[in-house]
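Following: one structure in structure tokens, then a few remarks.
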Amino acid sequence: MNLNELKHEGLKKWVEEAVAMMTPDSVEVCDGSKAEYDRMLKIMVDAGLGVPLNPEKRPNSFWFRSDPSDVARAESRTFIASKNKDDAGPTNNWTDPVELKDTMRGLYKGCMKGRTMYVIPFSMGPVGSDIAKIGVEISDSPYVVFNMHIMTRVGADVLKVLGTDGFYVPCLHSIAKPLGPGEKDTGWPCEPDVNKKYISHFPDTYEIWSYGSGYGGNALLGKKCLALRIASVLARDEGWLAEHMLILKLTNPQGKVKYIAGALPSACGKTNLAMLIPTLPGWKVETIGDDIAWMKFKNGQLYAINPEAGFFGVLPGTSDHSNKSAMDSIKKNTIFTNCGLTEDKDVWWEQIGYGAPGETIINWKGEKVPSPKTDKPVAGQEIAHVNARFTVPASQCPVIASEWDDPNGVPISAFLFGGRRAATIPLVNQSKNWVHGVFMGSITGSEITAAALDLKAGSIRRDPFAMVPFCGYHMGDYFAHWLKLGKKAQDEGHGDKLPKIFFVNWFRKDADGKFMWPGYSENSRVLAWMFDRCDGAQNFVETPIGNLPKPGSIPLPSDVSDATMAELIKLDVDGWKAEIADVRENHYSKFGSKLPKELADLLDVLEKDLNK
Ligand code: GTP
Ligand code: SPV
Ligand code: MN
């Protein structure tokens with residue numbers, strides 16, 4: 001398709017302006033076809049940037065390796081450039097939009113010389129769904145084009161829905177300027193100086209400008225940039241929810257179904273939970289989405305769609321034991337980035353379940369090293385980068401729910417919030433009501449993981465609703481938005497249809513630093529408890545922090561003793577007192593007058609109750 005075929009005047013003008021600024025050698029409007037996908041891969045492979053995998057072991061799959069600067073989201077280079085600084089709030093990097101655009105125009109000037117500009121029309125959500133939105137990404141990276149093919153719905157039908165004057169989010173992306181004289185080719189095209197990468201959002205005009213990175217969350221702009229940072233602003237303005245949540249379908253032994261949406265911070269188990277194979281007999285989990293949920297109230301019932309069309313999942317730790325559904329999903333038609341490449345052209349990563357085959361293996365840095373005999377990670381010598389990822393179509397997941405792409409969405413019965421916490425936070429806890437659930441979501445803390453470049457892994461940060469890296473506006477206003485939607489539903493007489501809110505923690509550790517809860521498939525026991533709780537089962541005890549499981553109400557996995565379970569579901573009064581102090585001093589204090597009073601009050605109530 002060429003530019004003249006674009007029927008949308010605004011879109012055409014925007015593309016023409018980008019062409020004038022970036023001066024590509026040619027321009028292509030993407031059609032989303034299989035032929036286009038194959039052609040983009042061939043360009044990368046011919047340039048020596050990708051390796052086709054063994055067609056017997058991984059048909060139609062490819063291995064890629066990025067520059068070391070380009071392995072994760074760059075949070076310190078991610079900007080929310082609202083007109084008013086106060087609109088970005090204390091959790092975002094704010095910068096002046098006019099200055100930022102000036103700087104970036106300088107970087108974009110002539111950046112596509114010698115390259116092709118791809119114009120990628122995509123839909124987040126089933127094309128034409130009343131919850132879906134359209135974006136158009138301009139990029140000079142074939143890697144971005146084929147990953148967008150997998151992660152979103154790309155093609156001509158999107159342009160048809162867009163019509164001549166429809167709304168779309170313009171997403172500008174370039175990997176880097178062409179190399180200047182004497183500049184070193186790092187192999188992977190990007191700006192290797194992290195401080196020259198920009199992932200910029202202009203919430204007042206719903207625009208995204210990204211420069212210098214080819215990594216997923218920085219470059220596949222439909223995902224975190226559009227579907228969360230810009231969509232959270234659209235959701236605030238239009239009265240819906242755009243959340244960093246998996247969506248799963250849970251069926252009990254009697255065949256009754258509930259849909260649950262869950263927010264866990266990056267690399268804290270969303271993909272695993274969404275694809276879980278229950279150990280609890282008779283229960284079934286099917287996947288709707290593994291990372292993002294867009295939700296709208298219809299007649300008082302909240303409906304959710306997965307705006308994505310694929311999974312961009314963490315490889316290390318993925319095995320037949322931890323996530324067999326993911327392992328089965330990635331047997332073919334998969335893009336692997338930053339894992340190991342074996343002698344027989346297959347892929348390998350730490351905790352895959354077996355040692356690396358052959359004598360040698362190529363690690364994510366491109367070095368040939370002896371094959372590790374076990375899959376245990378060795379810090380600093382990882383074969384796969386800790387944030388190595390797969391990209392795969394959702395349709396390849398063996399436990400994908402048939403309604404995963406229903407344009408109407410699925411009705412949500414429960415929310416689950418959680419984080420990675422070694423102590424204090426119980427295995428599961430139900431909020432007392434909607435406002436208390438928002439309170440619990442707002443104080444979520446989690447140990448930092450490797451999903452972001454510039455944070456120190458291991459220390460705890462407050463990550464309310466798992467949205468701190470992804471909320472495009474002031475998080476005090478975000479909490480207020482959640483409270484407002486709940487109140488509206490109640491005022492309209494739909495309070496009983498509001499999703500029940502739960503808090504989970506799979507990551508408690510004992511004194512020896514070992515996980516106390518086996519997690520993964522065994523998490524089905526917690527899901528079942530939640531399911532029954534939604535139906536009013538008397539399986540709980542009321543406590544100041546919420547409803548905790550009644551002893552005996554969660555059947556024990558074989559490797560969990562009664563004593564361990566008692567520890568996992570007890571109220572740790574001293575731990576919570578420390579938690580309250582930290583929330584008050586280091587977290588809530590940041591939001592100033594934008595912190596909803598209801599939440600500040602609940603913190604006081606909790607403190608009083610714990611002191612009783
Ligand atoms: P993003 O894609 O970054 O948003 O991550 P995610 O939330 O989808 O996390 P994912 O499911 O990919 O899991 C990340 C890491 O957590 C992997 O190394 C998993 O093995 C590990 N993990 C997931 N679930 C559990 C669990 O129940 N227990 C333990 N101990 N680890 C888990
Ligand atoms: C995350 O970091 O939460 C991810 C991967 O899901 S990325 O697409 O890079 O955001
Ligand atoms: Mn994520």
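None of the figures in this text is laboratory data; all of them are computed from the coordinates on show. Since this is a predicted model, take the numbers as computed values, not measurements. Positions of Cβ are generated from backbone atoms using ideal geometry, with glycine treated the same way; all protein chains shown enter the neighbour counts.
Segment ALA581..LYS331, full-extension length gain: 85.2 nm, with 0.36 nm per residue of separation and the alpha-carbon distance subtracted.
How would segment 1-92 be classified by its alpha-carbon gyration tensor: rounded, prolate or oblate, with rounded meaning a/c under 1.5 and the a/b versus b/c comparison settling the rest? The partial results should precede the final answer.
On the way: a/c = 2.55, a/b = 1.25, b/c = 2.04.
Oblate, since a/c reaches 1.5 and b/c is not below a/b.
Computed from phi, the 3J(HN,Hα) profile of segment 370-382 under the Karplus parametrisation 6.51, -1.76, 1.60 (θ = phi - 60°) reads x, 5, x, 7, 10, 9, 5, x, 10, 4, x, 10, 4 Hz, with x in place of Gly and Pro. Between ALA261, THR251, CYS225, the Cα set farthest toward the positive side of the dipole of segment 210-295 (charges on each charged residue's Cβ, about the Cα centre) is that of THR251. Packing, taken as the mean count of other beta carbons within 10 Å per residue, orders the peptides 462-469, 176-183 from highest to lowest as 462-469, 176-183. One quarter of the surface of the convex hull around the alpha-carbon atoms of the chain equals 26.8 nm², the direction-averaged projected area. Summing +1 for each Lys or Arg and -1 for each Asp or Glu among the other residues whose beta-carbon sits under 14 angstrom from that of LYS331 gives 0. Ordering SER593, SER266 from the fewest to the most neighbouring beta carbons within 10 Å gives SER593, SER266.
In this simple spin-label model, placing a label point 7 Å from the Cα along the Cα-to-Cβ direction at both LYS12 and VAL257 gives a separation of 4.4 nm.
Scanning residues 5 or more positions from GLY472 or on other chains, those with amide H under 5 Å from its amide H are SER232, VAL233, with H placed 1.01 Å from N in the peptide plane.
Among residues other than HIS436 with Cβ under 14 Å from its Cβ, the summed charge is -2 (Lys and Arg +1, Asp and Glu -1). Cross-link pairs exceeding 29 Å between alpha carbons, from the set LYS497/LYS608; LYS85/LYS223; LYS177/LYS365; LYS270/LYS514; LYS160/LYS324: LYS497/LYS608; LYS160/LYS324.
At a Förster distance of 51 Å, what's the computed FRET efficiency of ASP559 paired with ASN93, Cβ-Cβ distance as r, to 0.05? Once the sixth-power term is evaluated, E becomes 0.70.
For the residues HIS436, HIS321, what sequence is obtained by ranking on other C-beta atoms within 10 Å, fewest first?
Working: HIS436 19, HIS321 13.
So the residues, fewest neighbours to most, are HIS321, HIS436.
Close amide H partners of SER210, meaning residues 5 or more places away or on another chain with modelled amide H under 5 Å apart, are LEU172, HIS173, SER174, SER200.
What shape does segment 223-307 have by the C-alpha gyration tensor, where a ≥ b ≥ c are the square roots of the eigenvalues, rounded means a/c under 1.5, and otherwise prolate means a/b greater than b/c and oblate the rest? Oblate is the answer for segment 223-307, as a/c is 1.5 or above yet b/c matches or exceeds a/b. Relative to the current alpha-carbon distance between ASN2 and LYS608, full extension at 0.36 nm per residue lengthens the span by 211.5 nm.
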